[in-house]
1. List pairs: first in region A:92-116 and touching a residue at least 60 places away in the same chain (Cβ under 8 Å) and aliphatic (A, V, I, L, M), second assigned to a helix (DSSP H, G or I) and open to solvent by less than 30 Å² (accessible area, probe 1.4 Å), Cβ under 6 Å, 6+ apart or cross-chain?
2. Quick one: which of B:Ala72, B:Ala87 is within 16 Å of DNA strand D (Cβ to nearest atom) and part of a helix (DSSP H, G or I)?
3. Which of (1) of a type outside the set (Gly, Ala, Ser); (2) away from DNA strand D (no atom under 16 Å from the Cβ); (3) surrounded by fewer than 21 Cβ atoms within 10 Å (Cβ to Cβ) is the odd one out, the single condition A:Tyr60 does not satisfy?
4. Looking for whichever is modelled with pLDDT under 95 and within 21 Å of the chain's Cα centre (by Cα) here; the options are A:Ala175, A:Ala182, A:Ala200. Which one fits?
5. What number of residues within region B:189-207 satisfy the criterion of being outside any loop (DSSP other than H, G, I, E, B) and either in contact (Cβ under 8 Å) with a residue 12 or more places away in the chain or in contact with an Asp or Glu (Cβ under 8 Å, 6 or more places away or on another chain) (or both)?
6. State all residues of region B:177-202 that are surrounded by fewer than 18 Cβ atoms within 10 Å (Cβ to Cβ) and facing chain A (nearest Cβ under 10 Å); if no residue qualifies, say none.
7. Considering A:Val28, A:Val43, which residue is away from DNA strand C (no atom under 15 Å from the Cβ) and within 30 Å of A:Gly193 (Cβ to Cβ)?
8. For region A:31-44, indicate whether the set of residues that are at pLDDT 95 or above, away from DNA strand D (no atom under 12 Å from the Cβ), away from chain B (no Cβ under 14 Å) and under 26 Å from A:Val214 (Cα atoms) is non-empty.
There are 2 protein chains.
Amino acid sequence: MTTIGTPPGPNIGVRDTYRHGDLSRALVEAGVELARAGGPTAVALRAATRRAGVSPNAAYRHFADRGALLEAVCSAGQARVAEAIEAEQALIPDATDPVTAARLRFRAVGTGYLHFALAEPGLFQTAFTASPDLESATSGSRAGAVGRGPFELLTDALDRLVAVGVLPGGRRPGAEFLAWSAVHGLAMLLINGPLRALEAGQAEVLIRRVVDMVEQGL
Amino acid sequence: MTTIGTPPGPNIGVRDTYRHGDLSRALVEAGVELARAGGPTAVALRAATRRAGVSPNAAYRHFADRGALLEAVCSAGQARVAEAIEAEQALIPDATDPVTAARLRFRAVGTGYLHFALAEPGLFQTAFTASPDLESATSGSRAGAVGRGPFELLTDALDRLVAVGVLPGGRRPGAEFLAWSAVHGLAMLLINGPLRALEAGQAEVLIRRVVDMVEQGL
DNA sequence: AGACAATGTGTACGACGTCTACATTAGTGC
DNA sequence: GCACTAATGTAGACGTCGTACACATTGTCT
């Protein structure tokens, strides 16, 4: 006797067949919801399988352990960050002259990153804490619509700054890490650090100033 | 019948009396060790009480819940960060002229912070993730030898930069958050972010460059 | 049709946080 | 000196989690 599809609670992946069909994806989606609500620690195997309407151990057919699911959720989160950055970049008018376009494009990486962090703190935190190495950070699964991850969008913007002549080529190597550090640090301080209780307006001022500092200090 | 002092495992706080004497401190110390070994999530009530040679529920006489213990461990961690910064500042020769002394003192805040992060990643992470608000970040319990926390050491160094004439007074307000963001972000990227696998030498180069960026971009 | 691999279920174990009830002890007022 | 009370520690239980093992069901390939 197998009870299928009607355990209590809001079943997202209700089914009437023994097989689920797309459990892998369903688990990641459930994990993303859990991360949105409660950050990395809330991404639990059992909770995800519950949402998918499946027994806890079913997860092990698709993920080696909880860490593997967390990694998949992390990749999904990074993809959404990339989308947020691209959305911010899309606001730049096409008619902008190349130099200021490059500058605005670069700034949009930082502001998009930070706005996403403020809008989706749990998912953001999940996306960048306990994330895999840098190597895998440039892989396809963390990409946005254009197929690039947040890190690649940053390096692209920096390369364009050099091409346009705003950033001297000598300062280019390693610049991605400087920029990333400043923006990522503010995100952390704003989300679960000591700046947590800051009001939205003041946060916006800080965001602008940090991006200013990066642009000037690179 | 009460078994006292001889549960299995490495008992740190072995005792022969029913009362422990200083359980509160013993639990925080155990928590610090757990944090050093495994980061914030490793700070468990049961593990801490085990190390103190005490039953799990004894912790509830001193901490409201696990979060309260974590907070105490976090404060202890911040105190150690402050000590690391002070140690780095103490390396500045007394005979240095006031202007460069102020500059070096400021840079020492960043480098001390980052060196501690690299030396004690678990404790560092515990100290600054899920930490209480900024208000309490300036309280006494997170202080180092001089009685100031990491944040106060930073603001002190910035004030001195202004006093000496290196930093224009108009740029002073909010500068602590800019500097903190950059340094904290690099720490996070180096510890559990995508820069985790970086070798020590390259990390040191990045540290220098980030502090350069802050000094120039402020 | 029958074998095999893929996928999902059931049961079980230890660790965790935390609740409730109980035991032991240190001070305090007499 | 002694009983009372508050502080402190213990015992047991419950629900959660991750995960290991054995078993059930199904799609697929020959």
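The values are calculated or read from the model by the stated rules, or taken from the named source; none is laboratory data. Owing to the predicted nature of the structure, the values given are computational and were not obtained by experimental measurement. When we count neighbours, we look across all protein chains shown, and the Cβ atoms used for this are built from the backbone with ideal geometry, even at glycine. To get the accessible areas, we keep the full protein, side chains included, count just its heavy atoms, and leave off ligands, DNA and RNA. Shrake-Rupley method; radii C 1.70, N 1.55, O 1.52, S 1.80 Å.
1. Within 6 Å, the pairs are A:Ala102/A:Leu161; A:Val109/A:Ile85; A:Val109/A:Leu153; A:Val109/A:Leu154; A:Val109/A:Ala157; A:Leu114/A:Ala187; A:Leu114/A:Ile207.
2. After applying the criteria, what remains is B:Ala72.
3. (2)
4. Just one listed residue meets the conditions, A:Ala200.
5. The number of residues fulfilling the criteria is 6.
6. B:Arg196, B:Ala197, B:Gln202
7. One residue alone meets the criteria, A:Val43.
8. No.
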